[in-house]
Protein chains: 2
Amino acid sequence: MVVARRADEIVDIASRLFYERGYQSVSTRALAQAAGIQGGSLYHHFSSKEEILYRIVQYGSAEFFAGLLPHLESTEASYPERLDRFVRAYITDAQPRRYAIAVLFRDMAHLSPDHFVELQAVRRHFQQAVQRFLADGVAAGEFQVPDAKLAGIAILDLLKGVDAWMREPGRLSRRQVADTYAVLVLQLMGALPR
Amino acid sequence: MVVARRADEIVDIASRLFYERGYQSVSTRALAQAAGIQGGSLYHHFSSKEEILYRIVQYGSAEFFAGLLPHLESTEASYPERLDRFVRAYITDAQPRRYAIAVLFRDMAHLSPDHFVELQAVRRHFQQAVQRFLADGVAAGEFQVPDAKLAGIAILDLLKGVDAWMREPGRLSRRQVADTYAVLVLQLMGALPR
DNA sequence: GTCTATAGCTTGATAGAC
DNA sequence: GTCTATCAAGCTATAGAC
């Protein structure tokens, strides 16, 4: 699996470059240079630039989402406790796949039609799982919002934003941001006593 | 001012195209075609493609932010009331400049260094005004959050997201989304009685 | 104010030597 | 598995006729 290993290496390098500059702004030549090879050599490992994008977001998003959903499903804890853990995990865990998920959110439109449909389904599955959890919490009387679906979108939007603005080191550590956001999200869901 | 009028027309068309496909994905030829002229003719009105981007986001963001801040500053109303109006206005008002603000958020990186700095300052000024308002509300005991600055970022992120996912017509009207988001944001700020 | 024509460059991708 | 060389197409921008 020597070929595959080298390809994985290139995918890692690409995920960082795409994350920093955007898919369209990274030429195959620039990517090859970052990997220490010539432009043409890329096509020994991949059949197109789009395939590299696909590999990044497919593998990365699957891992990211799969690592997060269990926090919502541990039936021993209360709904607010589960949501608290989910928010903290979203912000602090999954560091290695953080690039991939940011690239997915921003550069999805550059996937081929087939790949686009596939990954939109993955995203939607994740979003719906979150929305179902919130709706269940409302039904159980532990959350109070006018619309669980919109609350889910709002929460995912605000979590997605964190990596766009956070600089490390900054005023607050990633852990402190996670603590604060957990409180904000629980309040948003009408879960904390006043 | 015949020249200026035609230029404004092209800027309007460009704002829609850039909004839909992204700055980099819209070629000058495609833009010219949408305006009913040939590619080269664009350069009678503008000196570069970047100038068109700049005109869109400069004019658009100034109007958008200027229309929103007064809702936070009407000292007759309580802090929660003012925030409620601000959120509703963000989602329902300023329709004509909605494209511009979305383009600003996404395509800012393609501005020239000077223009980038200028517009980042405009954005920061707006964000800081929101954060100051929230901090004042906390000091007045009408909001309860661990960190007013982070709350401001979270709120602006979740509002920014609305235009990215909302389709009209959809399950809810823009007005209904605004109603729901106003509740969610007030809860996030710890403002609504439980 | 718009046209045609094109310069000058960069892009993604391919071919064949090693 | 990487190299060099190159193709074909696309891009922004310019020049000069009308």
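The values are calculated or read from the model by the stated rules, or taken from the named source; none is laboratory data. Just so we're clear, the structure is a prediction, and the values are computed from it rather than from any experiment. Cβ: placed from backbone, ideal geometry, glycine included. Neighbour counts: every protein chain shown. Side chains are part of the model used for accessible areas, which takes the heavy atoms of the whole protein and leaves out ligands, DNA and RNA. Shrake-Rupley method; radii C 1.70, N 1.55, O 1.52, S 1.80 Å.
Here are some notes:
- Failed condition for B:Arg123, given (1) in contact with a helix residue (DSSP H, G or I) (Cβ under 9 Å, 6 or more places away or on another chain); (2) charged (D, E, K, R); (3) over 29 Å from B:Val26 (Cα atoms): (3)
- When the range B:126-147 is filtered for residues that are of a type outside the set (S, T, N, Q), touching a residue at least 24 places away in the same chain (Cβ under 8 Å) and part of a helix (DSSP H, G or I), the ones remaining, listed by number, are B:Phe126, B:Ala129, B:Val130, B:Phe133, B:Leu134, B:Asp136, B:Gly137.
- Of all residues making up the range B:164-194, the number that are farther than 16 Å from B:Asp84 by Cα and touching a Lys or Arg at 6+ places or on another chain (Cβ under 6 Å): 1
- Any chance A:Asp107 is acidic (Asp, Glu), surrounded by fewer than 16 Cβ atoms within 10 Å (Cβ to Cβ) and more than 8 Å from chain B (Cβ to nearest Cβ): no
- Looking across the range A:78-112, just one residue is in contact (Cβ under 8 Å) with a residue 60 or more places away in the chain, polar (S, T, N, Q) and in a helix (DSSP H, G or I), and that is A:Thr92.
- Enumeration of residues in the range B:42-77 that are more than 15 Å from B:Asp8 (Cβ to Cβ) and part of a loop (DSSP other than H, G, I, E, B): B:Ser47, B:Ser48, B:Leu69, B:Ser74, B:Thr75, B:Glu76, B:Ala77
- Members of the range A:14-30 found to be away from DNA strand D (no atom under 12 Å from the Cβ) and either of a type in the set (A, V, I, L, M) or more than 11 Å from chain B (Cβ to nearest Cβ) (or both), listed by number: A:Ala14, A:Ser15, A:Arg16, A:Leu17, A:Phe18, A:Tyr19, A:Val26, A:Ala30
- Residues satisfying the stated conditions in the range A:38-52, i.e. within 7 Å of DNA strand D (Cβ to nearest atom) and among the β-branched types (Val, Ile, Thr): none
- Subset of the range B:1-46 (residues that are within 28 Å of B:Trp165 (Cα to Cα), among the aromatic types (Phe, Trp, Tyr) and either open to solvent by less than 60 Å² (accessible area, probe 1.4 Å) or within 12 Å of DNA strand C (Cβ to nearest atom) (or both)): B:Phe18, B:Tyr23
- Looking across the range B:31-68 at every residue that is at pLDDT below 95 and closer than 15 Å to B:His115 by Cα, the one that is farthest from the other protein chains (Cβ to nearest Cβ) is identified as B:Tyr59.
- Residues in the range A:166-177 include at least one that is part of a helix (DSSP H, G or I), buried (at least 21 other Cβ atoms within 10 Å of the Cβ) and touching a residue at least 60 places away in the same chain (Cβ under 8 Å).
- If you check A:Pro146, A:Pro193, A:Pro113 for being of a type outside the set (Ser, Thr, Tyr) and at pLDDT below 95, only one passes: A:Pro193.
- Matching residues in the range A:1-33 - criterion: being in a helix (DSSP H, G or I), under 25 Å from B:Leu111 (Cβ atoms), among the small types (Gly, Ala, Ser) and more than 22 Å from the chain's Cα centre (by Cα): A:Ala30
- Residue check, A:Leu83 within 11 Å of another protein chain (Cβ to nearest Cβ), of a type outside the set (Gly, Ala, Ser) and farther than 20 Å from A:Tyr23 by Cβ: no
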